[in-house]
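For reference, the structure is listed below as structure tokens.
The values are calculated or read from the model by the stated rules, or taken from the named source; none is laboratory data. Just so you know, these numbers come straight off a predicted model, no measurement behind them. As a convention, Cβ positions derive from the backbone with ideal geometry for all residues, glycine included, and neighbour counts pool all protein chains shown. Note: accessible area is taken over every heavy atom of the protein model, side chains too, but ligands, DNA and RNA are not part of it. Shrake-Rupley method; radii C 1.70, N 1.55, O 1.52, S 1.80 Å.
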Amino acid sequence: MRTPSASVADGRADRVQARGLSWTRLSWLQSTQRRGAAVVLWLCLVATLALPALPVLIGVSSGQLALAQTLASDGGLAVEQRVSDQASFDLFERDVDHLVTERLGPALVSGGAYASAGPLHLVLSVNGQFPSTAAARMGMTADYSDSLASHVSVVAGQLPEDGPGGAVAAVAMSQATADQLGLQLSDEFCAELSAGVEPAWCGRIVGLWKPRSSDDPFWRWSRTRLELTLAKSAFFDLLKQRRSAATAGRVYWARPGAIGEDRAPTVAAALDRVSGELGTQSRQLDSPLPTSLERFDAQRRALLSTLALLSAGLLLTALSATVLVATRLLDAAVPDRAVLLARGWPRRRVWGMSLAGLAGLALLALPVGLVGWLLLAAVATGWPTAGQALRASDFQPAGTAFLASAVGLLIVLPWVAARGTSPGVDPADLTHPSLGTSARHAPRRREPGAVPIPIALVGA
Amino acid sequence: MITILAGLRAPTQGRVVVAGWDLATLTGSQRETYRRRMVGFVWQDPSGGLLPRLTVLQNVLAPMLAESGAERDRLRIALSLLESLGFGRRAGDQLSQLTPPEIRRLAICTALANRPQLLLADDLTAGLDSDAARRLVSDLEVVLAASRTSALIVTHDRWVRRHVHRIVRIHDGLALEVLDEPPAARDLELAL
């Protein structure tokens, strides 16, 4: 007859160590006993972690695109004032720069200053001849721009340089204007300073230019017509001769990186304040930017609200699916729990083991969910740039559908969970005489803990 | 009655006292402790008390995980039990590889895993041929003697009486006869 022998067992203990059992291993075995359901649960967990971020990421990305589009179309402003001479022009430039820099900081970047006077009435003569074109008698403006060189390509000659001028002013004009007037490089012309007054001002064309790019916002925001472009000193000499004031202007462009979607309303408010301050100084701020930024902000908020709803719908849907599958897995382990309870395991330890198994699956899903989140972030960042910025209305049907499905699931879930939730964990079931003492076939009785836990999870 | 003794059900009336544990007045937590430390139970269908996805060894280890303890000690006890009931080289087998008599032997190992004071076996020899049943009872007797464990066996096989110290004949739930056979039952108090 054999006798239990510790020494015999000791000899084999090391050999079978790997096949032993720990609380953790038992927990894992229990949670993965239905491999299909475990994989589905794992996928649900990954989806729960990663999917709800998608709409939010799309919203953020779309917001950036919408802001860029807003600033590209409406992102400039011009401040104008009447000036009588160069000193008042310089003062205007300094004051406006100081105010704008102080109030708006890096949100705006300077686009240069300009001055414009006119109309001058051409043309009594061109090179001593009367031109034949009908346009020759048009009123034209004389202009100065301190940043012209950076926005044009010189076609012929050069741009007028500042410095003491002679009796004939050096003038540049666009090739298109020259063609319209029938003028060429080096042509001289004279103009009336006021209608009906003897011509007292003459110029010579020293340069012809054309815009470098039609997309250059300079052409949208500079209010000068840049018909007869003069150097600064020549322009103010003309102004002195003409004894009239000119319109001076300063242009600024919004800097997208410095404004950002979140700062849009702040910048809009600051622009409104600057506009008010300039108004009290007989200066005028002309820009659609504050209105555009406010409109952008309103649209962005609407989009984010809709996407947040969509995100919540996705989260609830994924969470509901997770809870349903988790409930199924917990159900599958009911007979095992009954056995352990019958063997004297404390109920709390039994449940702890079941839930720890699910937590293990969740832990494994975490890094994958994170990677998924990053992938979605990459996709979401690229998506809106391919087309137009998204609007709230683009997502309303999907958001409504997801929310409705999530609410539907929430309504159905308790019923499904209750129906699916299995035999209660009662060790006495193991001894049911009519059932061959198997809890695996025991009558289905509601497990008191299994339904509230998932419902509470969804509620949370 | 045996499920009441096993602490699986609470008595609805009367008094049941096992080794000082009044089973009618136990709290849930006390009942768990009682099941864990005082009794080991072998079900009529022994597979009912086993975990089908675990190996033979793991099934014996599972009840021990209810309390903390050194893994090596648990392993030593489990292997010793398995050795004594004939599973020397089959600790890693799956339950599907076991015959019905082996399943019953494993159920006994599992019931004895936590070294209870009392082993309860419901219809221990049911479904076994007489040879297998006799070998089982004989081996069990040795194991119980070595571990100083008392046993209460419900059986319809009259030959089992040759291996026990006290017989309670029950008919329709009533104890008709109590026969003491020397040596007398050990220090187990059983009051019905």
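Within the stretch A:259-281, the set of residues being in contact with a helix residue (DSSP H, G or I) (Cβ under 6 Å, 6 or more places away or on another chain) and either of a type in the set (Ser, Thr, Tyr) or surrounded by 17 or more Cβ atoms within 10 Å (Cβ to Cβ) (or both) comprises A:Ile259, A:Glu261, A:Ala264, A:Pro265, A:Val267, A:Ala268, A:Ala270, A:Leu271, A:Val274. Scanning the stretch A:156-179 for residues that are over 20 Å from A:Arg212 (Cβ atoms), part of a loop (DSSP other than H, G, I, E, B) and in contact with a helix residue (DSSP H, G or I) (Cβ under 8 Å, 6 or more places away or on another chain) turns up A:Asp162, A:Gly163, A:Pro164, A:Gly165. Among residues belonging to the stretch B:83-100 that are assigned to a helix (DSSP H, G or I) and within 8 Å of chain A (Cβ to nearest Cβ), point out the one that is surrounded by the most Cβ atoms within 10 Å (Cβ to Cβ). Only one residue tops the list, namely B:Ser84. Of the listed requirements (1) over 19 Å from the mean Cα position of the chain (by Cα); (2) surrounded by 18 or more Cβ atoms within 10 Å (Cβ to Cβ); (3) of a type outside the set (D, E, K, R), B:Val18 misses just one: (1). Taken over the stretch A:42-66, residues that are closer than 16 Å to A:Gly357 by Cα and in contact with a Lys or Arg (Cβ under 8 Å, 6 or more places away or on another chain) amount to 0.
Might you check whether a residue that is in contact with a Ser or Thr (Cβ under 9 Å, 6 or more places away or on another chain), on the phi < 0 side of the Ramachandran plot and of a type in the set (A, V, I, L, M, F, W, C) occurs anywhere in the stretch B:68-79?
If we filter the stretch B:68-79 for residues that are in contact with a Ser or Thr (Cβ under 9 Å, 6 or more places away or on another chain), which is where we start, we get B:71.
Checking the rest, the ones that are also on the phi < 0 side of the Ramachandran plot come to B:71.
Next, only the ones that are of a type in the set (A, V, I, L, M, F, W, C) stay: none.
The answer is no, given that none of the residues of the stretch B:68-79 is in contact with a Ser or Thr (Cβ under 9 Å, 6 or more places away or on another chain), on the phi < 0 side of the Ramachandran plot and of a type in the set (A, V, I, L, M, F, W, C).
Would you confirm whether or not the stretch B:122-130 contains a residue that is assigned to a strand (DSSP E or B), within 12 Å of another protein chain (Cβ to nearest Cβ) and closer than 26 Å to B:Arg161 by Cβ? Yes, the stretch B:122-130 has at least one match.
Residues checked against (1) under 24 Å from the mean Cα position of the chain (by Cα); (2) under 30 Å from A:Trp219 (Cα atoms):
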{"site": "A:Arg35", "(1), (2)": "no, no"}
{"site": "A:Ala38", "(1), (2)": "no, no"}
{"site": "A:Val46", "(1), (2)": "no, no"}
{"site": "A:Ala50", "(1), (2)": "yes, no"}
{"site": "A:Ala53", "(1), (2)": "yes, no"}
{"site": "A:Val60", "(1), (2)": "yes, no"}
{"site": "A:Gln69", "(1), (2)": "yes, yes"}
{"site": "A:Gly75", "(1), (2)": "yes, yes"}
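In a residue-by-residue description of the stretch A:308-331, the property of being open to solvent by 30 Å² or more (accessible area, probe 1.4 Å), at pLDDT below 85, farther than 30 Å from A:Ala38 by Cβ and assigned to a helix (DSSP H, G or I) applies to at least one position.
With respect to A:Val350, determine if the residue is open to solvent by less than 20 Å² (accessible area, probe 1.4 Å) and in a helix (DSSP H, G or I). Even if it seems obvious, please write down each step before you answer.
Working: open to solvent by less than 20 Å² (accessible area, probe 1.4 Å): yes; in a helix (DSSP H, G or I): yes.
Taking the combined requirement at face value, the residue satisfies it.
Considering B:Leu81, B:Leu95, B:Leu65, the condition of being closer than 13 Å to A:Ser22 by Cβ and at pLDDT 90 or above is satisfied by B:Leu65 alone.
Hey, could you check the stretch A:79-115 for residues that are small (Gly, Ala, Ser), closer than 25 Å to A:Leu289 by Cα and at pLDDT 90 or above and say which is nearest to the chain's Cα centre (by Cα)? Lay out the reasoning, then the answer.
Step one: filter the stretch A:79-115 for residues small (Gly, Ala, Ser), giving A:84, A:87-88, A:105, A:107, A:110-113, A:115.
Imposing the further condition that a residue be closer than 25 Å to A:Leu289 by Cα reduces the set to A:105, A:107, A:110-113, A:115.
Among the residues that remain, those that are also at pLDDT 90 or above are: A:113, A:115.
Details: A:Ala113: 31, A:Ala115: 37 Å.
Filtering the stretch A:79-115 for residues that are small (Gly, Ala, Ser), closer than 25 Å to A:Leu289 by Cα and at pLDDT 90 or above, the one nearest to the chain's Cα centre (by Cα) comes out as A:Ala113.
Just checking, which of A:Arg328, A:Arg300, A:Arg263 is in contact (Cβ under 8 Å) with a residue 40 or more places away in the chain and under 19 Å from A:Leu104 (Cβ atoms)? Residue meeting the stated conditions: A:Arg263.
From the set of residues in the stretch B:21-54 that are touching a residue at least 12 places away in the same chain (Cβ under 8 Å) and polar (S, T, N, Q), which is most open to solvent (accessible area, probe 1.4 Å)? This residue is B:Gln44.
For the residues B:Ala111, B:Ala121, B:Ala70, B:Ala146, the requirement of being of a type in the set (Gly, Ala, Ser), surrounded by fewer than 20 Cβ atoms within 10 Å (Cβ to Cβ) and in contact (Cβ under 8 Å) with a residue 60 or more places away in the chain singles out B:Ala146.
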